[in-house]
Amino acid sequence: MFDQFAIGESAGAIAHRILVVENDVDQAAELRNLLQEHGFQVQIAKDGGQAHSAFQMYKPDFVIMELLLPGETGFEICDRFKQRNPQVPILVLTEITLEDSRKLAIRVGADGYMTRPYTASVLISQISEIAQQVWERTHLGKNREEGRVRFNCRCGKRFKMSARHRGRTLTCPDCGEPLIVPHHD
């Protein structure tokens, strides 16, 4: 049995492993507890160095990022993450309410922007919506008409399958990880 948290009933997006980039220990712990209560695996990084290492080694399905960090800013980290893997959704979660900050975050690749304080239900809903939007943008695009589904294994192996294989299980030939061919509308 797969231990995955699928977002949406027939959605192709999967967000299971979340990287939280947050230097405030209390806020990081609060966020970790909330996300774990909702079935997510959570890795915490407190600065740019830890964030880059965790992104490479942990291979998250989703990133939640503060902008105000020691050393490298969240804007810079977001930009580098998106250059490395544009398919990983990034949600900025910060106290900065300035519109210029929001615009810059989107320009460097953030897929969503939330300000503190937040409610648990709104955060979980945003994770779901953003993961689905990014998945559709990166995997379906023109393939919706072609009846093809594109997706990647965590190891980086790319797949393009016929839509009729949605929901079926396969094993990645490169790393041996079991995969489910994603669903879409």
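The values are calculated or read from the model by the stated rules, or taken from the named source; none is laboratory data. Small disclaimer: the values here were computed from a predicted structure and weren't measured. Cβ atoms come from the backbone with ideal geometry, glycine included; neighbour counts cover every protein chain shown.
Here are a few things to note about the model shown:
- Those residues of segment 145-157 which are assigned to a strand (DSSP E or B) and either modelled with pLDDT of 85 or more or farther than 20 Å from Cys175 by Cα (or both), in sequence order: Arg148, Val149, Asn152
- Only residues that are closer than 16 Å to Glu136 by Cα and in contact (Cβ under 8 Å) with a residue 40 or more places away in the chain were counted across segment 74-86, and they come to 1.
- Screening Arg107 against (1) crowded, with 21+ Cβ neighbours inside 10 Å; (2) more than 22 Å from Pro182 (Cα to Cα) leaves a single unmet condition, (1).
- Selection of segment 87-129 for residues being β-branched (Val, Ile, Thr) and closer than 18 Å to Leu67 by Cα yields Val88, Ile90, Val92, Thr94, Ile96, Thr97, Ile106, Val108, Thr115, Ile127.
- Residue match in segment 131-144 (condition: modelled with pLDDT under 95 and in a loop (DSSP other than H, G, I, E, B)): yes
- Long-range neighbours under 6 Å by Cβ, at least six apart or interchain, first residue farther than 25 Å from Lys59 by Cα and in contact (Cβ under 8 Å) with a residue 60 or more places away in the chain within segment 87-113, second surrounded by 14 or more Cβ atoms within 10 Å (Cβ to Cβ) and of a type in the set (Lys, Arg): none
- Residue within segment 42-61 that is in the same structural domain as Ala120 (by TED's automatic domain parsing), among the basic types (Lys, Arg) and touching a residue at least 40 places away in the same chain (Cβ under 8 Å) present: yes
- Any hit, segment 119-133, residues being more than 30 Å from His165 (Cα to Cα), under 18 Å from the mean Cα position of the chain (by Cα) and β-branched (Val, Ile, Thr): yes
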